[in-house]
Amino acid sequence: MTDAETTPGTPLPRVLCNTESLLSDDSTPAGALWRLAESGRQLDANLIRIPPQGRIDTHTEPDLDVLLLVVAGDGTLGPAADPQTTLAPGTLVWLPHGSERSLVAGSSGLSYVTVHRRRPGMQIRTRPST
């Protein structure tokens with residue numbers, strides 16, 4: 001077997017998107033510009049855009065650690081009343097589960113990628129008999 005050959009059914013690395021091309025269109029609305037959707041994945045990832053001076057209010061993620069990588073724009077991270085950290089392209093932030101956080105975009109907006117363990121899908125279970 002050569003390096004180019006693989007075992008049938010073996011997953012292969014692949015390019016999923018080009019974030020620069022997704023961010024180059026200023027008319028793209030705020031919110032999720034891209035989501036990891038491949039079947040069998042163990043991670044979730046999103047490319048998020050916040051418009052200039054936009055914000056994501058203070059919230060807490062109780063279950064998952066999140067990595068946040070700023071890919072364009074600028075802003076601040078912290079509780080809404082007291083921003084703590086300046087964000088710029090290339091800034092990589094660890095948001096531990098249970099931590100309180102908010103994001104405020106600067107004058108050029110803020111675009112970032114988040115990555116975290118995939119949440120299990122919702123399951124409908126039967127009620128235990130009493």
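The values are calculated or read from the model by the stated rules, or taken from the named source; none is laboratory data. Model, not experiment: these values are computed from the prediction. Here the Cβ is made from the backbone with ideal geometry for all residues, glycine too, and neighbour counts use every protein chain on show. Only protein heavy atoms, including side chains, enter the accessible area calculation; ligands, DNA and RNA are left aside. Shrake-Rupley method; radii C 1.70, N 1.55, O 1.52, S 1.80 Å.
Screening region 41-73 for residues that are of a type outside the set (Asp, Glu) and not in a strand (DSSP E or B) and picking the one that is most open to solvent (accessible area, probe 1.4 Å) gives GLN42. Only residues that are under 15 Å from the mean Cα position of the chain (by Cα) and without any contact (Cβ under 8 Å) to a residue 40 or more places away in the chain were counted across region 97-120, and they come to 1.
With the requirement that a residue be of a type in the set (Gly, Ala, Ser) and either touching a strand residue (DSSP E or B) at 6+ places or on another chain (Cβ under 9 Å) or at pLDDT 95 or above (or both), what does region 100-125 give you?
We begin by selecting, within region 100-125, every residue of a type in the set (Gly, Ala, Ser); these are 102, 105-109, 111, 121.
Once the filter is applied, which keeps residues that are of a type in the set (Gly, Ala, Ser) and either touching a strand residue (DSSP E or B) at 6+ places or on another chain (Cβ under 9 Å) or at pLDDT 95 or above (or both), region 100-125 yields SER102, ALA105, GLY106, SER107, SER108, GLY109, SER111.
The numbered conditions (1) in a loop (DSSP other than H, G, I, E, B); (2) modelled with pLDDT of 90 or more; (3) among the charged types (D, E, K, R) are all true for GLU38 except (2). Identify all residues within region 11-20 that are exposed (fewer than 10 other Cβ atoms within 10 Å of the Cβ) and modelled with pLDDT of 80 or more; write none if there are none. The answer is PRO13, VAL15, GLU20.
Can you tell me which residue among ASP74, ASP82, ASP44, ASP63 is modelled with pLDDT under 90, touching a strand residue (DSSP E or B) at 6+ places or on another chain (Cβ under 7 Å) and of a type in the set (Asp, Glu)? It would help to see each step written out before you state the result.
Working: ASP74 fails: modelled with pLDDT under 90; ASP82 fails: touching a strand residue (DSSP E or B) at 6+ places or on another chain (Cβ under 7 Å); ASP63 fails: touching a strand residue (DSSP E or B) at 6+ places or on another chain (Cβ under 7 Å).
Unique residue meeting the criteria: ASP44.
The single condition from (1) at pLDDT 95 or above; (2) among the hydrophobic types (A, V, I, L, M, F, W, C); (3) in contact with a Cys (Cβ under 7 Å, 6 or more places away or on another chain) that ALA88 fails is (3).
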